[in-house]
1. Is there a residue being crowded, with 22+ Cβ neighbours inside 10 Å, at pLDDT 95 or above, of a type outside the set (Val, Ile, Thr) and not in a loop (DSSP other than H, G, I, E, B) anywhere in the range 167-179?
2. Only one residue in Thr240, Thr245 is in contact with a His (Cβ under 7 Å, 6 or more places away or on another chain) and either within 16 Å of the ligand (Cβ to nearest atom) or open to solvent by less than 20 Å² (accessible area, probe 1.4 Å) (or both), so which one is that?
3. Report, ordered by the first and then the second residue, all pairs with beta carbons closer than 7 Å, sequence separation of six or more or different chains, a first member in the range 277-304 that is closer than 15 Å to Ile319 by Cα, and a second member that is away from the ligand (no atom under 14 Å from the Cβ) and open to solvent by 40 Å² or more (accessible area, probe 1.4 Å).
4. Just checking, how many residues over the range 369-393 are buried (at least 18 other Cβ atoms within 10 Å of the Cβ) and either within 16 Å of the ligand (Cβ to nearest atom) or among the charged types (D, E, K, R) (or both)?
5. Starting from the range 323-349, keep only residues that are of a type in the set (D, E, K, R), then list their pairs with residues that are within 16 Å of the ligand (Cβ to nearest atom) and open to solvent by 20 Å² or more (accessible area, probe 1.4 Å) whose Cβ atoms are within a distance under 8 Å, requiring at least 6 positions of separation or different chains.
6. Quick test for you: out of Leu288, Leu229, pick the one residue that is within 16 Å of the ligand (Cβ to nearest atom) and part of a strand (DSSP E or B).
7. Mind listing just one residue for me: the one in the range 394-409 that is open to solvent by 10 Å² or more (accessible area, probe 1.4 Å) and not polar (S, T, N, Q) and, of those, farthest from Phe341 (Cα to Cα)?
8. Out of curiosity, is Glu24 under 18 Å from Glu84 (Cβ atoms) and not in a loop (DSSP other than H, G, I, E, B)?
Amino acid sequence: MITVLVLNAGSSSLKACLYRLAPEMAATAATPPAPLWQGLLDWGQDPTVARLKVTTADQRYEASLTHPEGGIAGLRDWLKTLLETLTSGSTTLLESLAEITIIGHRVVHGGSRYQAAVRVDGQVKATITEFSEYAPLHNPANLLGMELMADICPQTPQVAVFDTAFHGQLPAVARTYPIPYELTTAGIQRYGFHGISHQYVSERAATLLQRPLAALRLITCHLGNGCSLTAVKGGVSVETTMGFTPTAGVMMGTRCGDIDPGILLYLLRRGKTVEDLDRLVNRQSGLLGISGVSNDLRQILAAIDQGNAQAQLAYDCFIYSLQRGTASLLPALGGLDALVFTAGIGENAAGVRRDVCRGLGWLGIELDSAANEEGKGDRDIALPTAPVRVLVVQTQEDWAIARACIQLL
Ligand code: ADP
C-alpha cells in the first residue's frame, strides 16, 4: 500500500489529508478516492492559540490548542498533535508516522521554473524562497511546512506541487506584458495560478467526454473565493486570466481582477499608501466591494432576493466579467469543445452557470436546465444537440497532489 500525506500550509491555517491505496489503484483510479483522514489547524490574531479539527470516515474531533510562544515553535507542536491523531485514538490509521510513504506539499509560486511536481531538495527550496517575494504570504508558509515535516518524518521523501506549474508552458504572447522588456526578463510576467485545479479538471473532462485530452480545446473556470479561467489546448495551459499575481483577471469575492492601472496611480497621488492599495484590490473589492454585503455568493444571492440593488449589480458585474473572461481566451484555442465549471461557485451555483452560458449562446453553448439545476456530481449539462459541451467537475486538488506524488515514487 502507498500512504500519501498531503499538506497545504498557509499563513493562518494548515490543511492536511491522508490517502492510502494499492499502487495499481493509484495509477488507474478514474474517480478520485476519498481521503481516509482530514486535519485542519487554524490560528488567528492570537499566535499562541490554534483550533484543531480532524475528520475521518467515522469520527469528527475538535480541540483548542495553546502554546506559550506560538509562532514556529507552536506550529511544530500543533502539527505533531495533529499528526498524532493518525497513530492514536479509536480509529488508529497508522502504527507510526514512518508508514507514510511520501508527503506532498501544495506550493503557490514556483514561477515558470517547474512544469510538474518535483522532489523537494535544496534547489527546490531555493526556488520557493526566490519566489517568496511574489507570494509573501504563501511561499514562506509552504517552506516552513516542508521543514517541520522533515523534522517529524526525517526519512520520508517530500514533493512540491506548484500552483503555477501547469501554466509553465504559456506561450510568449500570453506570458509577456506590454511593459519595458527588461522588466519582463526580470520576472514581471504572467504566471497564472490555480494550476493544480485547472489541470485536474481538464483531465477529468477528457475522461467524462471519453475523448483524448490531446484533442480537446477547453476553458476551465475555477470559481471559488478566488476565480480564474484557463484555456487548455491538448492538455496544455495556453492562456489564463490570473497574471503576475492572483489579483488579476476576472472579478472575484474580494479581489478586483483586471482594472485600469491608472486607478492605482490616481489613488497613490491622492495619498493612499501601498498597504491601502493592497487591501483595496485584494480584500475590499470584487463581490464584496460592489455589493457592500459580502464576498460570499450565497449572501449576495440572499440580498438580491430581498431587493438589494447593489447586490444585484455585483452579481451582474460578476457574470459579465466571467463572460468577457471566457471570450478573451478563445483566440488562444481557435475554437471550443467544452466549458468546465469547478470550485465552490462553479460546482454549486447553478444560476451562475445558467447566466454565464446564457450570454455565450453564440458560441454554441446551450444548457440542459434539468441537468444544470437538478443533476449531481461530475456531469455534462449541455443539451445533447449543442455543439459545445458544458461540464461540472468537482475539483480535487488534494487528490491531484497525492497522484503527482505517487507518480514520482
Ligand atoms: P476557496 O477559494 O476559498 O476554496 P470555495 O471553492 O469553497 O472557496 O468557494 C467559495 C464560494 O463558493 C463562495 O462564494 C460561496 O458562496 C460559494 N458557494 C459554495 N456553495 C454554494 C452554493 N450552494 N450556492 C452558491 N454559491 C456557493
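1. Keep residues of the range 167-179 that are crowded, with 22+ Cβ neighbours inside 10 Å, which gives 167, 170.
Applying the additional criterion that residues be at pLDDT 95 or above yields 167, 170.
When the remaining residues are screened for being of a type outside the set (Val, Ile, Thr), the result is 167, 170.
Then drop every residue that is not not in a loop (DSSP other than H, G, I, E, B), which leaves 167.
Within the range 167-179, one or more residues are crowded, with 22+ Cβ neighbours inside 10 Å, at pLDDT 95 or above, of a type outside the set (Val, Ile, Thr) and not in a loop (DSSP other than H, G, I, E, B).
2. Working: Thr245 fails: in contact with a His (Cβ under 7 Å, 6 or more places away or on another chain).
Testing whether each residue is in contact with a His (Cβ under 7 Å, 6 or more places away or on another chain) and either within 16 Å of the ligand (Cβ to nearest atom) or open to solvent by less than 20 Å² (accessible area, probe 1.4 Å) (or both) leaves just Thr240.
3. Filtered contacts from the range 277-304: Ile290/Gln310; Ile290/Leu313; Ile290/Cys317; Ser291/Gln310; Ile304/Gln312.
4. Within the range 369-393, residues that are buried (at least 18 other Cβ atoms within 10 Å of the Cβ) and either within 16 Å of the ligand (Cβ to nearest atom) or among the charged types (D, E, K, R) (or both) number 7.
5. Listed by first residue and then by second, the contacts come to Glu347/Gln394; Glu347/Thr395.
6. Working: Leu288 fails: part of a strand (DSSP E or B).
Of Leu288, Leu229, the one residue that is within 16 Å of the ligand (Cβ to nearest atom) and part of a strand (DSSP E or B) is Leu229.
7. Kept after step one, since they are open to solvent by 10 Å² or more (accessible area, probe 1.4 Å), are these residues of the range 394-409: 394-398, 400, 403-404, 406-409.
So of that shortlist, the ones also not polar (S, T, N, Q) come out as 397-398, 400, 403-404, 406, 408-409.
Working: Glu397: 15, Asp398: 18, Ala400: 17, Arg403: 22, Ala404: 22, Ile406: 27, Leu408: 29, Leu409: 31 Å.
Checked the range 394-409; the qualifying residue farthest from Phe341 (Cα to Cα) is Leu409.
8. Answer is no for this residue.
The values are calculated or read from the model by the stated rules, or taken from the named source; none is laboratory data. These numbers were taken from a predicted model, which means no experiment stands behind them. Counting neighbours? That spans all protein chains shown, and the Cβs are built from the backbone with ideal geometry, glycine included. The protein model used for the area step is the full one, side chains on, heavy atoms only, and it has no ligands, DNA or RNA in it. Shrake-Rupley method; radii C 1.70, N 1.55, O 1.52, S 1.80 Å.
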